[in-house]
Structure formats: structure tokens, C-alpha cells
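What follows is calculated from the coordinates using simple rules that are stated; it is not laboratory data. Computed from a predicted structure; not experimentally measured. Methodologically, a virtual Cβ is constructed for each residue, glycine included, from the backbone with ideal geometry; neighbour enumeration extends over all protein chains shown.
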Amino acid sequence: MTLSLRALALAGVAIACSSIPAFAEEDDTGRPTIIVTGQRAKDLAEEQVSKTPGGADVVGHEDYADKSLVSLRDTLAFSPGVYVQPRFGQEVRISIRGSGLSRGFHMRGLTLLQDGVPINLADDNGDFQELEPAFFDHLEVYRGANALRLGSGTLGGAINGVTPHGDEAHGIYARADGGSFGTVRGLVSGGFGNERANAWAAISADSSEGDRQHADRKSIRFHGNVGLQLSDAISTRFYASYNNIDQKLPGALNAADALATPEKGNFFGDQARDIDSLRLQNQTTFKLGQVTLKAGVFLNHKELYHPIFVVIDQKSDDRGVFARAEFEAGVLSATLGGESRWGTIEARQFVNVNAKRGAQIFRARQRARTSNVYGEVRLTPVAGLSLIAGGIYADGWREQVRTFPTAVTGRASFDAFSPKFGLLWQAAEHVEVYANYSRSAEFPTFVELAQQAAFVPVKEQRAWTAEVGTRGTLGGFHWDVSAYRATLKGEMLQYVVRADFPASTFNADRTLHQGIEAAFSYTLGDWLRLRQTWQYSDFRFRGDVQFGNNRLPIVPKNVLRSEVRFGTESLHIAPNLEWVPQGAFADYRNTTRTGGYALIGVTGGATIRSGLDVFVDVRNVTGKKAIGDISAVIAATPASVIFYPVERRAAYAGVRARF
């Protein structure tokens, strides 16, 4: 799409917002509606979380409505246990319990879904940029083995972004915001219909120069769904998503530049990541007495043009099927499901000549399949006490047939069974105590395997995790606290060999991930809300031959986030704080550590008239300069070009409207 067409789309969104007549509805809590007019889907998600014997939560759109929604960081900042650290623009590091800890690009160790359908490729690699936060009604976060019901058996778990349905989101909703660094964002969505037949669709546009040099970005995104009630027992829904995302990559800096001139960017090779993707899905629900069966198919097509030290130019096609049956009768309930994804990548690499294709240096066809079958049984022998047992069996293979510059074929296959045992006690009304013990397994992707002409012998990563915790509500006080300890074997860790060489991966021997995921909130009437998250992370080697008991780099030991909101929906202001008392190590030898920092921000909003709201989002008010993220190396120095500065001071303002 040309720049003029993008500008036209953005202008159309802004005009739509400015001309919307006054109209608004309220949900059953009396709060003004932001995206949807009903809370049914979110209520069902929260009910499912209350039945989960481990860390899980639901993040509603109202929790981040006053943010300028650049990335998943803006939606998940107050989800306990989710480490989301901006690198630049829409690029974030996202990790749960140290999943994909050393992967500083793309994503590993998490299953990302939209409306219950995974966006991960067949080899489990993925790009979180394909999820548009502004489209979601809510997000479901299941940490670790608690994500079994979503078909995930990884250390990190799963995050599912759920979009509205037309029967719950009637009318037109529009949103536009802009501010620092030439940022302009817009969204228009519309829904109509009833339970028998309904549709919802949204289009968003985004353009920004970025807060660093060579960090320009622009995107056009679309998502829509159509639902049909075919009979009293059968309903079906079709989904379609399209993403056109262009982003320049400013790269890492040395420590001095990151702290003194964070606006600097790396122009070498005009590095970028451009994504065009199309996803088509169907999910059909059958209600057969006491059994509810959901089954579906999906097709993902993706084109990636990615000039870095070389030009990566690839196209991928992935297909998949999934099914999940849920049964409940008296004291017994059960879940049984499965999923299979298989796909092909036409991978090419060229010499990077200022982001253009030079001489071709690599061509291969990469094929992969990842499948799983999972089940869980819940027994409630006495009221308030549930015993849970289950497991997930996963297998898969990866194959690369290289045809240029020479013919080389590599293939690897994997399989693992991961059991899970849990206990959930309803200690009082709205108070739950839980414990679980589970295994997880994570298979390597092509990024880990295809580092050389033939596959390198990277094995699967396995872990046993013990977790205890509690969540509940007493009066205006709510809490969600989990403590976990995961012992890993063969953790996939990456480090940079040299600046012009891609990341290398190896299996560590034994590592330990343990920590605390805590969230607290307090609400007093409708004029005061305090929320606080604390993430304690202790990730380290265990008797490693080379690194002893050193701490693993990247994630700081403590991260705290706080927000106090004063006022009502009519007028409110919410100062917020992100505090990292001590920075993380930058290397496996633990020779270099980044400094701590505190970032202060503020959001606010006001209702101009019924159906028309304005909001502001100011970040890093004091202009603090600090290092927020790192690309790990074996031994770092301040001169190492591996550091990413925190977001610079920025201010955004916007308007939301419905008619």
C-alpha cells in the first residue's frame, strides 16, 4: 500500500471520530462501554480462570483503554508474571517464567493465539507484531502448564487475544490518537446482528517516525468475523485477518550511546522487517448433551522481507486443524483435545545491498509439523475441592532441503509427553488456593536448527515446574500471587558470536527458573483504584561446567509496576511507575550488569459527552535515560553493541467514540 493510501486511511479514521454523534451504551456493571456492549465472553473467560489450578488471568480492554496501543506491552504491563519489555517501536521482548529467555527477536516458548487459533508457524516460531492490541475485547493469559486447555505444553504457556462478536458490539466504534515522533494511529470497527447471525470487522492504521533514528514504521491491519447459529446445537464462526507491517530496525547500541544519546539508530544495511500476512480460520461448536465440541481449521500465509546482515526473503504457508471436547457432569469434568500444524517455508537469502537483494547466497525449502493431543480430568470429591490430572503429548519434525549454493538436506524429529497434576481449593467465596506440578517441553524452530548448511544437533528443552498460589477478592481488595520453581534440562540459549554473524544456539545442561508473580489491586468506590504488580525472577545455571551457578542474563531480578487512578469515568488521571531496582546481567559470565531505573508516566481520560471520550498518555515524564533490554553475549563490556535504551519521553492524546 502506498504512503498516500495510508495517509488517506488515517485521515478517514480521524474524520470519522470527529463527526460521530453522541451515543453510548453501558454494560451490566454500569461502566461506559469501550468496545463491546456486553460482557458475556469476558465473563466466561474469567469463570474459566477461576477453575484453573495455577497462574492465569484475564485482561479486559478497559484496563488499557487510555494507552496509545503501540504493542502488546501496552496491554499486558499489569498482567502478573508477563515480562514485556519494549526494544523499539512495536518490537518487544515477551517472556513468561523465562520462556525464550535469550531470544531477542521473533518469539519462542509461548503460544500466541487470536480467537483460540494459534498464529505460531508450524515450527512454533512467530511474530507477535501480527496481533493488533486495539482489536481485542480481552486477552486470556495462561502461564506455564495452565495453558494446557489451549494446546500449549511450553514453559511459558499461552496468550489468547479475543476479538468482539457482532451480537455483542453493535454499532460503529472509532478511535484515533497521535503525538510524539510523528505518531498517528486510527481504528474503525463495526458490529451488527444477533445470536442467529452476526458480523464484526475492524481496520487500523499506524504511522510513526519512532523515538530513535531509523525506527520508522507504518501498518494497515484488518480483522473480521462472521458467526452463524445453524441450529440449537451447532454454531460456526469464520475469521479473517490481514496485516501489512513495515518497520525499520534501529538496532542495538553500546552502553555509552544507549545512556547518553538513546535517539541514535543503526543505519548499516538499512535493516528492516516487512510482513504481509493473511490468516483464515473457522471454528464450529457442537453441543451434544453434556459434551461441547469445538473444532476448526486454519490457513496462514505470510511473506517476510527482512534485510539484516543479509536479506531474508521468505514465504510461508501453514495449515492446521484443531478440536477440543469438554464434558461436565456432577463431580466430574474433562477436557480432551488436539491440534496439528504443518507448513512450508520457501526461504531465500541474498547479500544485503542497502536493503535490496544482491547476489543470492541461500535457497531452501523448509517443511515442518507440530502436533499435540491433550487431556485433563477434574474431580470434585467435596464441595470446594478439585483434583486435576492431565497431560499433553506433542511430536513434530523439521526438514530443510537446501538447493543453493549446494544441495544439503537436514531433518530432525521430536516428541515428548508432559503430565500435569493440580489441586484447587475454594477457601471462601471468591478466594482460591492452588498448587500444581507439571512437565513442559519445547522443540527447536528453524532458527535454532538451521544455523549451518545442515541441521545442528539442538535438542528439545524440558522442564519440571512446581507452583503454588492464591487469587481472590475481599471487598475492594483483589490479589493474584503465584510462586514457581522450574528445573530445566537442555534450555535453548543464544549468544552472538560476532557482530556480523547470526545468533547461535546451544543446549545448556541444567538451569533453574524460579520466581514470584504477584498482582494486587484496591478499589474504593468509583473514584480510586490502585494496582501493583511485582515480578521476582531468579534464573540461573546449576553447576554448569563453564558458567557455574551464574545468573542468566536479560531479565532483572525485580520489576515493579504501580498505578493509582483518581476520579471516575467522567474525569480521571492515573500516574504510573515502572521500577527496576537493579538491572540485569548482559552476559553469561556475569561480568557486566546494567543499571536500575524508574520510569514515571501518566494517563488520563474524560467524557466529553455521551459516547465521546478523550484520553492522554504521557510516558517517561522525567526523560530518564536507561538501558531497558539486552542481547545476551558470553562476555560483555560497555563497548558491546547489545543494549537497547528505554522509551524516550513521549506524549500522546486521542479520542474514542461510538455511534
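In the range 270-336, Cα pairs under 8 Å separated by at least six residues give a relative contact order of 31 percent. Normalising the average separation of contacting C-alpha pairs (under 8 angstrom, six or more residues apart) by the number of residues puts the relative contact order of the chain at 12 percent. Relative to one another, the C-alpha centroids of the range 242-280 and the range 358-388 are positioned 31 Å apart. Placing dummy labels 7 Å off each Cα toward the beta-carbon, the span from Gln546 to Asp270 is 3.7 nm. From most to least packed by mean Cβ count within 10 Å, the peptides 512-518, 231-237 give 512-518, 231-237. Work through the residues other than Gly182 whose Cβ is under 12 Å from its Cβ and net out their charges, Lys, Arg +1 and Asp, Glu -1. Residues close to Gly182 contribute a combined charge of -1.
Treating r as the C-beta distance of Asn354 and Thr591 and R0 as 41 Å, the FRET efficiency rounds to 0.70. Ordering Pro118, Ala201, His170 by the projection of their Cα atoms onto the charge dipole of the range 85-226, which places +1 on the Cβ of Lys and Arg and -1 on the Cβ of Asp and Glu, puts Pro118 at the extreme positive end. Expressed to the nearest 5 percent, the antiparallel share of DSSP beta bridges inside the chain is 100 percent. Pairs exceeding 28 Å between alpha-carbon atoms, taken from Lys302/Lys420; Lys218/Lys625; Lys264/Lys489; Lys67/Lys248; Lys248/Lys315: Lys302/Lys420; Lys264/Lys489. Selection among Ala483, Gly210, Thr511 by position relative to the dipole of the chain gives Thr511 as farthest towards the positive end (Cβ unit charges, Cα centre). Each Lys or Arg adds one and each Asp or Glu takes one away; over the other residues whose Cβ falls under 14 Å from the Cβ of Ala483, this sums to 0. A simple charge model with +1 on the Cβ of Lys and Arg, -1 on the Cβ of Asp and Glu and nothing else charged puts the dipole of the range 49-199 at about 540 debye relative to its Cα centre. Between Val545, Ser277, Leu385, the Cα set farthest toward the positive side of the dipole of the chain (charges on each charged residue's Cβ, about the Cα centre) is that of Val545.
Neighbour counts of other Cβ atoms within 10 Å put Ile608, Ile642 in the fewest-to-most order Ile608, Ile642.
Each of the peptides 250-259, 144-153 was scored by the mean count of other Cβ atoms within 10 Å over its residues; in descending order, highest first, they stand as 144-153, 250-259. Computed 3J(HN,Hα) for the range 424-433, one whole-Hz value per residue from the Karplus formula 6.51 cos²θ - 1.76 cosθ + 1.60 where θ = phi - 60°, is 10, 10, 7, 5, 7, 4, 6, 10, 10, 10, glycine and proline marked x. Residue by residue, the range 472-486 carries 3J(HN,Hα) couplings of x, 9, 10, x, x, 9, 10, 9, 8, 10, 10, 10, 9, 9, 10 Hz when phi is fed to the Karplus relation 6.51 cos²θ - 1.76 cosθ + 1.60 (θ = phi - 60°); x denotes Gly or Pro. Take the Cα of Leu332, go 7 Å toward its beta carbon, and the backbone nitrogen atoms of the range 396-440 under 20 Å from that spot belong to 420-424. The range 554-629 and the range 284-344 have Cα centres separated by 35 Å.
In a reduced charge model with +1 at each Lys and Arg Cβ and -1 at each Asp and Glu Cβ, the range 3-658 shows a dipole moment near 1740 debye about its Cα centre. What separates the Cα centres of the range 170-193 and the range 124-138 is a distance of 17 Å. Placing a label point 7 Å from the Cα of Val614 along the Cα-to-Cβ direction, the residues of the range 565-582 whose backbone N falls under 17 Å of that point are 568-574.
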